[in-house]
Amino acid sequence: MNYVRTAMLLALLTAIFVALGAAVGGQTGMVIAFFLALALNLFSLWNSDKMVLRMYGAQEVDERSAPEYYGIVRELVQRAGLPMPRVFVMPSAQPNAFATGRSPAHAAVCASTGLLQALSREELTGVIAHELTHVKNHDTLTMTVAAAIGGAVSMLAQWMQFGFLFGGNRDDRSGVGMVGALLAIIVAPIAAMLVQMAISRSREYAADRGGAIISGRPLWLASALGKIEGYAHQIPNETAEAVPATAPMFIINPLSGQGFDNWFSTHPSTENRIAALEEMAREAGQTDDSRAPPAPRSASVAGPWDSPRTRGPWG
């Protein structure tokens, strides 16, 4: 049912883009927008990972350049039964992470330098397990397509606004035509944002639960979410602020001032997510002793980690 709902939301997002095209150019504009939406979907399908990783200046790492980080990813994909994704680090002081790619066989996991410096080994394990759940559930493709179409809606609305104010035939701006254009400029980006946020929210709780199952310790992820949320409101992510359509891809909303659980937030409330993970831990008989230590690790990404593999009651 969750996949059906996500598919319906993606279809609605595409319909908003097509309707905006109709507002721009009537039936011809609608047809052009429809084929442009198809092209965006195909482009996202084959280039989503490259597009987003390049946008955030991410650099690929391996076992030699980031043995700790790479080793955690390798261990978790073995537990999850996934192919090994490409592993990236993006230069951002804000602790955050995302996954991208059109399928588990073509996936990439990316963590910020701030995340690798701020979290303990256990917390980082919880975050990577969350991102790998997105890969396993094919959320990476869904969110990238949603980001592409949502960004296109906003861009087209801006073009319409510019044309409405500074160009075009003023005779076309009377009656229903003018009202329709104004409504399209105002309503379409808001509607696209609402649909995009609904898609993101519907996937985050599932990824939290799946990540807790893969790592075996729900409180590790709960501790990481609380810490990332605190940093995210203090340290800006300039790229995300410039391209807000990519915000739903991150484990915690990278934008400032969006921490509430309603239709206008890119993610569910972090407090609610932590509460769900804590309830999951209680059901498994785990206590606060299982929570990851709060002290940050060394600023270095490299170096061996000696902690043994830990499995929870979910296997």
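The values are calculated or read from the model by the stated rules, or taken from the named source; none is laboratory data. Note that the structure is a prediction, hence the values are computed from the model and not measured. Here the Cβ positions follow ideal geometry from the backbone for every residue, glycine too, while neighbour counts run over all protein chains shown.
Screening ASP49 with (1) at pLDDT below 95; (2) surrounded by 22 or more Cβ atoms within 10 Å (Cβ to Cβ); (3) under 24 Å from ARG209 (Cβ atoms) gives one miss only, at (3). Of all residues in region 232-244, at least one satisfies being outside any helix (DSSP H, G or I), surrounded by 17 or more Cβ atoms within 10 Å (Cβ to Cβ) and either without any contact (Cβ under 8 Å) to a residue 24 or more places away in the chain or on the phi < 0 side of the Ramachandran plot (or both). Quick check on region 13-25. Is at least one of its residues modelled with pLDDT of 95 or more and surrounded by 19 or more Cβ atoms within 10 Å (Cβ to Cβ)? Among the residues of region 13-25, not one is modelled with pLDDT of 95 or more and surrounded by 19 or more Cβ atoms within 10 Å (Cβ to Cβ), which makes the answer no.
Let's see how each residue does on (1) exposed (fewer than 14 other Cβ atoms within 10 Å of the Cβ); (2) at pLDDT 85 or above:
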residue: SER215; (1), (2): no, yes
residue: THR246; (1), (2): no, no
residue: GLY257; (1), (2): yes, no
residue: TRP263; (1), (2): yes, no
residue: THR270; (1), (2): no, yes
residue: ARG282; (1), (2): yes, yes
residue: VAL301; (1), (2): no, no
residue: PRO304; (1), (2): yes, no
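Scanning region 52-78 for residues that are crowded, with 17+ Cβ neighbours inside 10 Å and under 21 Å from ASP139 (Cβ atoms) yields a count of 8.
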